[in-house]
Amino acid sequence: MPRHGIRATGQEIDGEFYVFKCSLARDSWVGTERGYQSLYNQLCENGVLVEIGN
């Protein structure tokens, strides 16, 4: 989704989905409070999603 600044690649390996290093996501949650917001927050808290330069 280049128009949103999202550029990510990944692959399913042995039933697990991996997002590859240097993939880009949004810097904040956009969407409803349902769905993937809790996963997004968890990934940020666990250091999986980090701001560029950190």
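Overview of values
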| item | result |
| --- | --- |
| Members of region 38-54 found to be farther than 12 Å from Ser28 by Cα and of a type in the set (Val, Ile, Thr), listed by number | Val48, Ile52 |
| Filter result (open to solvent by less than 80 Å² (accessible area, probe 1.4 Å), among the hydrophobic types (A, V, I, L, M, F, W, C) and over 10 Å from the mean Cα position of the chain (by Cα)) within region 1-28 | Ile13 |
| Selection status of Asn41, polar (S, T, N, Q) and surrounded by fewer than 11 Cβ atoms within 10 Å (Cβ to Cβ) | no |
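The values are calculated or read from the model by the stated rules, or taken from the named source; none is laboratory data. Predicted model, so just to flag it, every value in this text is computed and none were measured. Backbone-built Cβ (ideal geometry, glycine too); neighbour counts: all protein chains shown. Calculation scope for accessible area: heavy atoms of the full protein, side chains included, ligands and nucleic acids excluded. Shrake-Rupley method; radii C 1.70, N 1.55, O 1.52, S 1.80 Å.
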